[in-house]
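Heads up, the thing below is written out as structure tokens.
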Amino acid sequence: MVFQLLNNDKATPRLLLSIFILSTSLLGSQKFDDGTYMSRTMFKNPYANIPAQCYIETSFGTQNACLFCHSNGLANITLGNNNPQAGASLVTGNLQLDYAFGPVNDFTVSPNINPWENTLYPHKLNEKLKKLKIDSSKWDMDKYVKENNWQVAFDKIGTKGFKFFPDLNPSFLPARSDGFVYDKSGNNTLWRSINFFPYGIFIPLTGSVSGIYIRLPKIFAQNNSGQIDIEVYKQNLQLLEDAIKDNLTQNSPKHYFGKASNIDVKRGSYPINTQFAHPLHYVDMDKNGTRATRVKEIRYSYKYRDFTSGELAMKEEDGKIYLNQSEGWIDNGAGWYLAGFIEDKKGDLRAQNGEELMQCVGCHSDRYGFEPSFFTSGTSNTIDNTWAFPRKLTGQIGWGEMDYLRHQVDKDGKSHSKVNEKINKHAKIGEFRLFLNYVVGANLYGLMDKHIETFLTNEIKKENGYSNSWVQVDLTSPKTLKLSQQKRQKLLREFTAKGRYLNDDGTIKSVFLYPTKQNALNGAKNYRKVVATQSYTLGKDVFDKTPFTYLYYRDKATSFKAANGKKYKIGDVIKSRQYIKDETILKGVGDTKTLIDEKLEFKDGGTYFENYIPILE
């Protein structure tokens, strides 16, 4: 009954969501329209949509992680995003070149002050644990990540706080070889798993790995007679993949197949009522695919409104948001409802509050001008608000459980990938090579794990045909940092040009993708500290020490002050940056340069990439 109502294409989007929640609720009292408009001034951090990675330094412009969220590429080709963020919009500015946070308008807190305390000051998190009399050394993290908190939460659907939990039963997983999820009676649920080429933010090295599942309305699985026909559904999913990945041609069908034949195929756009379920797992290096049984979060998105990429984009950072905190959902302002469930201090899942949900909106909202009409956030590198489906592996291998390039643990306990690196369709080089060339790190914080540093030290030597031997980041002074990072960038580009980051079969070497088991468990422990203190709004990424990309290493010519006007000393943690305080239209906007040089050519060490497009061949 729930499924039939949800997939009734004649119902309105808001009615469909109301029906979904009412039908899955044992109480039957909660309507989707019970959301409220709320000012972000109610949050301690009204800019929770700006992630911690946006505050890092770029080592004098030698590291550019910004481009993987902020470019003009998709907007320029009008593919599902109208929010250029690398200078093509005078409203947004160039977020590769400037820390242009703001303006603050009615907010009392400036976004130029870094709010992610857990990431900046990991020792403070340990102090909180001590006050709570929690001894993290006694945690059995290997046991913890293998526990099933997803099923426990799923079984609560219909109870308070779980009326918007995705109806993807984990007991039905893994999906079958064709990617479809079947229930215990053998019925196809129409959920289909997606195996995609990951971004650097979601690889096992980062401590979080995903599963992604898509479901279209029932009409897309019906033939012309109205009967369920999985072959028709497969055709429609393939046609949607072509639309999202920009593979439509003049000969492509203009409408979907079967009962959905009256629905237009729209380039860069999902049909209304499309759903995504996204479990975010801990990393378990004992498992093929690395996805632990325990989840950090369960995320759900539902498209209720269509768009055109030419709709007006206005920037009003103080716009109100529409949400329901007790049920854990929010309107992302760009045609989708997002729901999120995260671990409570005991490790069970609970609905996310508004400030926590704002973190979801930060990554899944690429346009503005919808509902609420003046709310804005997001990135320029999503296609219709999504990251994973546009990077789905081509063909049948892309319809299956997300397994991080077919990760397998061999008998000797070592990890290996089984899928070749994919080529960026527009840049015409390997996508992971592009990542290493520009980030000069293994994640969006610009960091390299110790085991990667060891590997590169052994590989990159003069006697192996490189211009120099690998060097460590030198934090003696701003000058030594700049010089060491320039050398590292040059050597890493030589390394990728030789293809030495790949195995002989074209797969990416495991050292760049997978942590050691001990490192994975240590990362899980650090994250559990956030869980135990329930301090997600202070940062989910926790390191053993403050990343060097948050430390002040600027010379006199490139110096800046803290937001309060105080001068930094070399090596200080950058808690804030200066911003414009004059009474102008730009009052409150950050005016510190990232030091990424748009005029410096790649061959000379440049990292600027204004038209990056995250689509693979």
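The values are calculated or read from the model by the stated rules, or taken from the named source; none is laboratory data. Every value quoted in this text rests on a predicted model; they were computed, and no experiment measured them. Ideal geometry is used to build each Cβ from the backbone, glycine not excepted, and the neighbour counts take in all protein chains shown. Areas reflect the complete protein model, heavy atoms only, side chains present, ligands, DNA and RNA absent. Shrake-Rupley method; radii C 1.70, N 1.55, O 1.52, S 1.80 Å.
General remarks:
- Yes/no for ILE298 being open to solvent by 10 Å² or more (accessible area, probe 1.4 Å), modelled with pLDDT of 95 or more and closer than 27 Å to TYR233 by Cβ: no
- Here GLY523 clears all of (1) buried (at least 17 other Cβ atoms within 10 Å of the Cβ); (2) in contact (Cβ under 8 Å) with a residue 60 or more places away in the chain; (3) out of contact with any Gly (no Cβ under 7 Å at 6 or more places or on another chain) except the condition numbered (3).
- The strands (runs of 3 or more DSSP E) located wholly in region 151-262 that include 2 or more residues which are among the aromatic types (Phe, Trp, Tyr) occupy 180-182.
- When ASP264 is tested against (1) crowded, with 22+ Cβ neighbours inside 10 Å; (2) more than 19 Å from PHE389 (Cα to Cα), only condition (1) is not met.
- Hits in region 40-83 (condition: within 14 Å of TYR99 (Cα to Cα) and part of a helix (DSSP H, G or I)): ALA52, GLN53, CYS54, TYR55, CYS66, LEU67
- Scan region 57-99 for residues that are buried (at least 24 other Cβ atoms within 10 Å of the Cβ) and of a type in the set (A, V, I, L, M) and the total you get is 5.
- Within region 561-617, considering residues that are under 30 Å from ILE423 (Cβ atoms) and among the hydroxyl-bearing types (Ser, Thr, Tyr), the one most open to solvent (accessible area, probe 1.4 Å): TYR608
- Boolean, ALA351 is open to solvent by less than 40 Å² (accessible area, probe 1.4 Å), modelled with pLDDT of 95 or more and within 30 Å of ILE157 (Cα to Cα): yes
- Remark: pairs (first residue in region 64-92, under 14 Å from THR382 (Cβ atoms); second residue open to solvent by less than 10 Å² (accessible area, probe 1.4 Å) and assigned to a helix (DSSP H, G or I); Cβ separation under 6 Å; 6+ apart in sequence or on different chains) = ASN81/LEU74.
- In the set (1) in contact (Cβ under 8 Å) with a residue 24 or more places away in the chain; (2) surrounded by fewer than 21 Cβ atoms within 10 Å (Cβ to Cβ), ALA175 fails one condition alone, (2).
- Filter pass, THR537 being in contact (Cβ under 8 Å) with a residue 24 or more places away in the chain, under 24 Å from GLN63 (Cα atoms), out of contact with any strand residue (DSSP E or B) (no Cβ under 9 Å at 6 or more places or on another chain) and not in a loop (DSSP other than H, G, I, E, B): no
- Test: residue in region 576-590 that is modelled with pLDDT of 95 or more, over 23 Å from the mean Cα position of the chain (by Cα) and closer than 22 Å to LEU444 by Cα: yes
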